[in-house]
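Written below as structure tokens is the structure these notes are about.
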Amino acid sequence: MSDLPVTLPDPLARQLALALDVEGKIPRALDALGPLADRDVAFVDGKPGGLAERLNELGARVRQVDWSDTGGRAQEAASADALVSCWSAFRGVDAAEIAEAARILRPGGRLLVVHDYGRDDVSQLHAGEGDRPEYGLWSRRDGPFLANGFKVRVVHCWWTFDSVDVARAFVGEAFGAAGRAFGAALKRPRLSYNVAIYHRTLGEVGGGA
């Protein structure tokens, strides 16, 4: 699910892909933190036509990396200037994952990890699902990212639909009772959505951010 923050069946997944961040704030923020333009970028678990393609449009040379079974071990060592992961991998800080990212990256390479941040409309759709560390622990100073050399940038974006009725139908079908309750009070055809981009530099003495 690297191109989407939730796993949904088609056609709901296609609908969310069209609604998510139509302003392009996420790829622009990734480029600003990289930078990624005119650089070799390893993109974790992406899909053709998704966020990776939007990075290509900004001038990045994107190659897909399948992280699910082997980490990035199929990727040549020191082959990328940046590694971008969105939602699916780096769920907290795992030493083996960081080491694999460091192997793939050239000296001074940038690791950019996107996760939900919360404090938004979308987080209300997950009510009743139990603790979600991305909404609290991960963004704290003593959490796994900021306590391990990462910095964070929060990007304020939207899920944007054609109308309020379309938005209500989508959240109701995609998120069940929580979505129907949220949709009943919805007054505009978009949902506020905040993501955190955790970023650091690897391959330098001291692993500075």
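Of everything in segment 101-155, what is under 29 Å from Glu173 (Cβ atoms) and aliphatic (A, V, I, L, M)? Give them in sequence order.
As a first pass, look at segment 101-155 and keep what is under 29 Å from Glu173 (Cβ atoms): 114-136, 138, 154-155.
Result: Val114, Val122, Leu125, Ala127, Val154, Val155.
Name every residue in segment 34-50 that is among the charged types (D, E, K, R) and over 16 Å from Glu76 (Cβ atoms), in order of residue number.
Asp38, Asp45, Lys47
Considering each of Val195, Val152, Val171 in turn, give the residue that is aliphatic (A, V, I, L, M), free of Cβ contacts under 8 Å to residues at least 60 places away in the same chain, under 28 Å from Ala37 (Cβ atoms) and surrounded by 15 or more Cβ atoms within 10 Å (Cβ to Cβ). Please lay out each step first, then the result.
Values: Val195 fails: free of Cβ contacts under 8 Å to residues at least 60 places away in the same chain; Val171 fails: under 28 Å from Ala37 (Cβ atoms).
Answer to the selection: Val152.
Condition first: part of a helix (DSSP H, G or I), modelled with pLDDT of 95 or more, out of contact with any Lys or Arg (no Cβ under 7 Å at 6 or more places or on another chain) and of a type in the set (S, T, N, Q). Can you find one or more residues in segment 150-165 that meet it?
In the first step, residues of segment 150-165 are kept if they are part of a helix (DSSP H, G or I); the result is 164-165.
Remaining after also requiring modelled with pLDDT of 95 or more: 164-165.
Next cut, out of contact with any Lys or Arg (no Cβ under 7 Å at 6 or more places or on another chain) only: 165.
Checking which are of a type in the set (S, T, N, Q) leaves us with none.
No, the conditions are met nowhere in segment 150-165.
Which numbered condition in (1) modelled with pLDDT of 95 or more; (2) aliphatic (A, V, I, L, M); (3) assigned to a helix (DSSP H, G or I); (4) surrounded by fewer than 21 Cβ atoms within 10 Å (Cβ to Cβ) is the only one that Ala37 fails?
Condition not satisfied by Ala37: (3).
Got a sec? Which of Asp116, Asp121 is under 20 Å from Pro5 (Cα atoms), in contact (Cβ under 8 Å) with a residue 60 or more places away in the chain and within 13 Å of the chain's Cα centre (by Cα)?
Working: Asp121 fails: within 13 Å of the chain's Cα centre (by Cα).
From the options Asp116, Asp121, the qualifying one is Asp116.
Listed residues Ala13, Ala96, Ala82; which is in contact with a Leu (Cβ under 9 Å, 6 or more places away or on another chain) and farther than 25 Å from Ser192 by Cβ? Lay out the reasoning, then the answer.
On the way: Ala13 fails: farther than 25 Å from Ser192 by Cβ; Ala96 fails: in contact with a Leu (Cβ under 9 Å, 6 or more places away or on another chain).
Checking each option against the conditions leaves just Ala82.
The values are calculated or read from the model by the stated rules, or taken from the named source; none is laboratory data. For clarity, every value in this text was computed on a predicted model and none was experimentally measured. Counting neighbours? That spans all protein chains shown, and the Cβs are built from the backbone with ideal geometry, glycine included.
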